[in-house]
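The values are calculated or read from the model by the stated rules, or taken from the named source; none is laboratory data. What you see is a predicted model, and the numbers here were worked out from it, not measured in a lab. Positions of Cβ are backbone-derived with ideal geometry, glycine not excepted, and every protein chain shown enters the neighbour counts.
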Number of protein chains: 2
Amino acid sequence: MARSSLRERADLVDRFRHYLQDHRLPRTRQRDRIAEIVFASEAHPSAADIQRTLAEGDDHVGTATVYRTLELLIASGLVRAHDFGDGFKRYEATPMQQGGDHGHLICVRCGTVVEFTNDRLERMLPIISDEHAFVHQRHHVEIYGLCSACRKHDLEL
Amino acid sequence: MARSSLRERADLVDRFRHYLQDHRLPRTRQRDRIAEIVFASEAHPSAADIQRTLAEGDDHVGTATVYRTLELLIASGLVRAHDFGDGFKRYEATPMQQGGDHGHLICVRCGTVVEFTNDRLERMLPIISDEHAFVHQRHHVEIYGLCSACRKHDLEL
DNA sequence: GTTCATGCAAATCCTTTGCAGTTCA
DNA sequence: TGAACTGCAAAGGATTTGCATGAAC
């Protein structure tokens, strides 16, 4: 989805640096790397995935640091966490642009996660919040079902 | 929400008993009690909540049994699990009636969870699934924001 | 030089599993 | 009676915390 260009990613990493600066927090190699990985990923990496990706680049970062940095990224509003029921959290860049927000289609058989956007849906949820006297901040929409590959597989049985 | 009548609850417990019977699984005191609690609860109890409720009724049930029974309830389709980001799961009776499915409004400040129903939304999600070649099975819609009480509190600061 | 971050290991929290004893059909 | 359950305690997996050391500003 929201195929992020190199430029967009660099912009996000930059925003994170500004966030750190604004909060008088040091910029470190680890923070930069973790932000880069999350912003560059098309998948929805878990903390362990991020650590593994770092390790593959010969960059060892402690588990605690990964979690602490993800906390910062979330606090900055640049990243959000999801739970697709795997028993651990997955992270992704917060969709920013107009109509950039998206939901997730999760295959209950193979676990594939596909993103989708739907403007009508996105416009609807703040209105629903309003109707219930809630101040809308953000939302998660997850649809569980079978992806086309797994459906085919099913039909063959 | 979906204010369940005594009758409806009894019916659900009954369906669970039938599920057990159909699968040649024994009906036990623990299974009955846990089902009753989940079906009777208006809140979205966690495993620990359920165990606590049992304990308050002078009925001790082991943690493993609570989890194992919840697994059965989910397998039966009568109960579903949610993760509102508290670090543990919450359970609720699966909405069954027409238009009975609902989303959740979660207050990010006080944690209150309010349910809402919206037919248009419910009709929309299977269509979206279709458009992406997914076979829709179920969905979760969660809106995070501020409830009216917490918003008031905020305005006073 | 402070202040804050890092990494490790220990701790914590939720959930699952193994096993001896017990209940259900 | 046999199959399945229950409870306890131990194990597991993800995430958090404490603390000594090290990097950032």
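Tabulated data for the structure shown
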| item | result |
| --- | --- |
| Unmet requirement for A:ILE50, which otherwise passes all of (1) buried (at least 19 other Cβ atoms within 10 Å of the Cβ); (2) at pLDDT below 95 | (2) |
| Matching option when the condition is within 13 Å of DNA strand D (Cβ to nearest atom), part of a helix (DSSP H, G or I) and of a type in the set (A, V, I, L, M), among B:LEU20, B:LEU12, B:LEU25 | B:LEU20 |
| Unmet requirement for A:ASP119, which otherwise passes all of (1) more than 8 Å from chain B (Cβ to nearest Cβ); (2) more than 19 Å from B:LEU125 (Cα to Cα) | (2) |
| Criterion (within 20 Å of B:GLY100 (Cβ to Cβ) and of a type outside the set (Val, Ile, Thr)) met by exactly one of B:ASP49, B:ASP14 | B:ASP14 |
| Candidate set from region A:28-67 (those that are within 9 Å of DNA strand D (Cβ to nearest atom) and part of a loop (DSSP other than H, G, I, E, B)); member that is nearest to A:ARG9 (Cα to Cα) | A:THR28 |
| Any hit, region B:88-110, residues being within 16 Å of the chain's Cα centre (by Cα) and within 12 Å of DNA strand D (Cβ to nearest atom) | yes |
| Count of residues meeting criterion [surrounded by fewer than 14 Cβ atoms within 10 Å (Cβ to Cβ) and either more than 16 Å from DNA strand C (Cβ to nearest atom) or farther than 21 Å from A:ASP32 by Cβ (or both)] in region A:67-101 | 8 |
| Residue list for region A:116-151, filter: without any contact (Cβ under 8 Å) to a residue 40 or more places away in the chain, in contact with a Gly (Cβ under 8 Å, 6 or more places away or on another chain), surrounded by 15 or more Cβ atoms within 10 Å (Cβ to Cβ) and not in a strand (DSSP E or B) | A:ASN118, A:LEU121, A:GLU122, A:ILE128, A:SER129, A:PHE134 |
| Any chance B:ALA81 is touching a residue at least 24 places away in the same chain (Cβ under 8 Å), aliphatic (A, V, I, L, M), away from DNA strand D (no atom under 15 Å from the Cβ) and under 29 Å from A:ASP130 (Cβ atoms) | no |
| Any hit, region B:6-15, residues being under 28 Å from B:HIS139 (Cβ atoms), within 13 Å of DNA strand C (Cβ to nearest atom) and surrounded by 14 or more Cβ atoms within 10 Å (Cβ to Cβ) | no |
| Filter result (closer than 15 Å to A:LEU12 by Cα, assigned to a strand (DSSP E or B) and within 14 Å of another protein chain (Cβ to nearest Cβ)) within region A:83-97 | A:TYR91 |
| Test: residue in region A:18-30 that is more than 11 Å from DNA strand C (Cβ to nearest atom) and in contact (Cβ under 8 Å) with a residue 24 or more places away in the chain | yes |
| Conditions (1) in contact with an Asp or Glu (Cβ under 6 Å, 6 or more places away or on another chain); (2) facing chain A (nearest Cβ under 10 Å): number failed by B:HIS132 | (1) |
| Residue identified as more than 9 Å from DNA strand C (Cβ to nearest atom) and either without any contact (Cβ under 8 Å) to a residue 12 or more places away in the chain or within 14 Å of chain B (Cβ to nearest Cβ) (or both) among A:ALA55, A:ALA64, A:ALA40 | A:ALA55 |
| Candidate set: region A:98-115, residues that are in contact (Cβ under 8 Å) with a residue 60 or more places away in the chain and assigned to a loop (DSSP other than H, G, I, E, B); chosen: the one farthest from the other protein chains (Cβ to nearest Cβ) | A:GLY100 |
